[in-house]
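Derivation of every value follows stated rules applied to the coordinates shown; laboratory data play no part. Please read these numbers as outputs of a predicted model, since none were measured by experiment. Virtual Cβ from ideal backbone geometry, glycine too; neighbours counted across all protein chains shown.
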Amino acid sequence: MNLVTIGKISGTHHLKGVVKSNLNISDPNVLINEKVLIIKATGEKIILTVTKVSRLVGEKYTIEFSEIKNKTEANILHNGIIKVNRNILGLAEGEYLLQDLLEMKVFLEDDTFIGTVTEVFDTAAHDIIVVTDDDYEAMIPKIEPFIKDINFSENKIVVDLWEGMRELKIKK
């Protein structure tokens, strides 16, 4: 089974066991009646069935699970990572999730290797790709003119960096 991370539980909502989560999928309603894997902050794993998803604001949603009946039960899910089977997301041809970029190799347009994608996150303006190697780190906006090509078959991203975007890591 190909599991992908789609969100993180940020807290509870009301007394009936509803949780709040940031979800990074285009249609959260595909989760209804589906099983999801929650990896709790403790590392413990639990499989739950989604019964309802409602938008709060932006990418923040409330999620109800059939197995969770009250706030006390929901509290143990706080900071849990939500994973689902990739197949239920119904991704179109060429569509991908941000986390699909993790571990991809990143090159400049002249084919100079600059590192590996170690983190991806979204901001209000655009997504950010964090690329690191042993000595440097770059935070690259996932927009033109910086991202030139994403090639999943070659596990390769081609970028154009501006002066100052790639910084020397501070050694601890």
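Per residue of the chain, what 222 nm ellipticity follows from adding -39500 (n - 2.57) for every DSSP H run with n ≥ 4, rounded to the nearest 500?
-500 deg cm²/dmol
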Springs between alpha-carbon atoms under 10 Å, Gaussian network over the chain: tell me which of Ala138, Ala92, Ala41 tops the mean-square fluctuations.
Ala92
Could you check which residue among Ser54, Ser153, Ser26 shows the biggest mean-square fluctuation in a GNM of the chain with a 10 Å Cα cutoff?
Ser153
Residues whose built amide H sits under 5 Å from the amide H of Val159, excluding neighbours closer than 5 in sequence, are Phe107, Leu108, Glu109, Lys148
Extension gain (nm, one decimal) between Ile170 and Asn33, 0.36 nm per residue minus Cα-Cα
44.7 nm
Where does the Debye-calculated log10 I(q)/I(0) of segment 131-172 sit at q = 0.21, 0.32 Å⁻¹, using only Cα point scatterers of equal weight, no solvent?
-0.74, -1.13
Filtered chymotrypsin sites (Phe, Trp or Tyr not before Pro), segment 118-172: DSSP coil and at most 11 other beta carbons within 10 Å
Trp162
Ranked on Cβ counts within 10 Å of their own Cβ, fewest leading, Val57, Val130, Val106 go Val57, Val130, Val106
Once the Cβ-Cβ distance between Ser26 and Asp110 is put in as r, and R0 is 30 Å, what FRET efficiency do you end up with, to the nearest 0.05?
0.30
Farthest positive-ward along the chain dipole, Cα basis, beta-carbon charges - from Leu48, Leu102, Thr5
Leu48
Let's see if you can work this out: charge +1 on each Lys and Arg Cβ, -1 on each Asp and Glu Cβ, no other charges. What is the dipole magnitude of segment 58-123 about its Cα centre, in debye to the nearest 20?
540 debye
So what's the net charge close to Lys148: Lys and Arg +1, Asp and Glu -1, counting the other residues with Cβ under 15 Å from its Cβ?
-4
Using alpha carbon centroids, what distance separates segment 81-104 and segment 139-155, in Å?
16 Å
Grab the other residues whose beta carbon is less than 11 angstrom from that of Tyr136, score K and R as +1, D and E as -1, and report the net.
-3
